[in-house]
Amino acid sequence: MFTMDQVHTIRDLYYNQGLGLTDIAKKLNCDWRTVRKYVDQEDFSPPAPVPGNEIQHESKLDPFKPLIDKWLIGDTEKRTPRKQRHTAKRIHKRLQKEAPGYNCSYRLTADYVSWKKKELKLKKTDSYIPLVHRPGEGQADFGFSSFYENGKFHEKGKYLVLSFPYSNGAYLQLNYGENTECLLEGLQAIFEYIGGVPMEIWFDNTSTIVTQIIKGGGREVTERFTRFYEHYRFKPVFMNPESGWEKGNVENKVGYLRRNLLVPVPQFAKLSEKNTELLHVCDENMHREHYDKGRMISELFLEDKAALLPLPSVRFDTSSYGSANTDKYGRFTLDNGKHRYSSSPAFCEKVIQYRLTSAEVIVMDLDLHEIVRHRRLYGENESESMDWMPYLKYIARKPRSLRNSGIYDMMPENMRHFMDTCDNADRGKILKTLSELTDRTGFDSALRTVDEAIQLQVKDPDSLKNLYRRLYSDVPALPPLESSMDTPLGKIIPLRNDFSSYDAVLKGDVQHG
């Protein structure tokens, strides 16, 4: 099987250099059928994980690389004397002392330090940056923007901008962050909206896609990104380090679109719907004159669109896949331990697989059957997403083991207090009721119902259901009855002490005349 670099060479020789299948096969010393296979291949999505197999984790050193970079860059910027600069051994010792959780080997750290030092010594290449842009070229970059989604404030939101320097047109997509899923989903949405793919897109050397800067101007990029640009057949161009001015068009567009489309702070119900709206708004924003060419941007953008590559027939899978070990409660962490997610009590201290999109974490077993899905967490602070449905259903089948299970310790304090006061005979029914309430309107509504039950000192399933209906059902209040002079007075019928007539009615002995 050919590597993605070899596949790229084959497709470049065919699509960009015009060589035939036989010529490419001779040049690369391979079978012409192999060449035809990769020239005709339309889907470069990464293969889905094989059921039952685990997925390799990233390097243990990844969480500490930013700190290592900071120390090495500090040596360079401060012009520290050579003999007083950080060595690999010194960095290893500092990390052991100053970085909580560091447990990497010296060799792993030394290899990265060696590579980083070589990167910092690279000089800027003298490659030619064209001043005149051709139709169909694009530039991509991220900007910062806060927003409210369904009432929740996302303080450190991001937005992806894809600009077209020839026409000065641009599109943006709001995101929760700046990870690979956000980048690929945003680009894909714009490609599909405009009906084509830029021939060439310029990028910064973001760690999301670039793994190494090679002397002479080359780049090593992640396999996922390689698959993405081969799938859509565009050429990625990377700027020199710390040279954002080289793609000044998108740098300016990031600020322009924030000021004109994202002020005041956007508020909306659903991010996907807002992003669809923003694409249309960006179209409308092109109905103005180009700052230099004396023509409408919308008119120039038609020339950009005419130069776009066609969309592939198969949609690229922008998701990423991974595996993780769960703890004794069935939880696992992502993003270097910052964000914790639940799975199910049936998967305590086991291996689960997951699928990541920019918005969701889909938890699966080793056979890729979905267990539960979460809203993806973002931010630098530790946070947790718990789906209580699997836990409540599980313990409802074994109510007597509640106190001795780890699930009891995970429950909020008010729910533990409520369960302690309930009769053993009703505990299973109450747990089942709580799971039903959670399924309807979420775990918070079940907790609020429990709070009401504690205040009113009720401890049975039927009372819980009635309290829930009172809190969450839309039962209209009846208007008060108004007294009126026309209302007839009721007739008072005296009660007799002789009940024989009532007995006759009940026995059916009364004859109707």
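The values are calculated or read from the model by the stated rules, or taken from the named source; none is laboratory data. Just so we're clear, the structure is a prediction, and the values are computed from it rather than from any experiment. Note: ideal-geometry Cβ built from the backbone for every residue, glycine included; neighbour counts use all protein chains shown. Ligands, DNA and RNA are excluded from the accessible area calculation, which covers all protein heavy atoms including side chains. Shrake-Rupley method; radii C 1.70, N 1.55, O 1.52, S 1.80 Å.
Annotations for the structure displayed:
- Trp115 fulfils the conditions (1) in contact with a Leu (Cβ under 8 Å, 6 or more places away or on another chain); (2) at pLDDT below 90 except for a single criterion, (1).
- Residue in the stretch 418-440 that is open to solvent by 50 Å² or more (accessible area, probe 1.4 Å) and within 20 Å of Ile362 (Cα to Cα) present: yes
- In the stretch 182-213, residue surrounded by the most Cβ atoms within 10 Å (Cβ to Cβ) [restricted to those that are of a type in the set (Asp, Glu) and under 18 Å from Val314 (Cα atoms)]: Glu185
- Boolean, Asp283 is open to solvent by 40 Å² or more (accessible area, probe 1.4 Å), assigned to a loop (DSSP other than H, G, I, E, B) and within 30 Å of Glu137 (Cα to Cα): no
- Residue among Gly330, Gly294 that is open to solvent by 30 Å² or more (accessible area, probe 1.4 Å) and not acidic (Asp, Glu): Gly294
- Selection of the stretch 339-377 for residues being open to solvent by less than 50 Å² (accessible area, probe 1.4 Å) and of a type in the set (D, E, K, R) yields Asp365, Arg376.
- Search result, residues across the stretch 297-322 that are surrounded by 12 or more Cβ atoms within 10 Å (Cβ to Cβ) and of a type in the set (S, T, N, Q): Ser298, Thr318, Ser319, Ser320
- Subset of the stretch 119-132 that is loosely packed, with under 10 Cβ neighbours inside 10 Å and farther than 19 Å from Asp75 by Cβ - its residue that is modelled with the highest pLDDT: Val132
- Of all the criteria given as (1) exposed (fewer than 15 other Cβ atoms within 10 Å of the Cβ); (2) under 17 Å from Pro461 (Cβ atoms), the one not satisfied by Glu380 is (2).
- Residue satisfying all of: in the stretch 347-360; among the hydrophobic types (A, V, I, L, M, F, W, C) and over 22 Å from Ile407 (Cα atoms); farthest from the chain's Cα centre (by Cα) among these: Leu356
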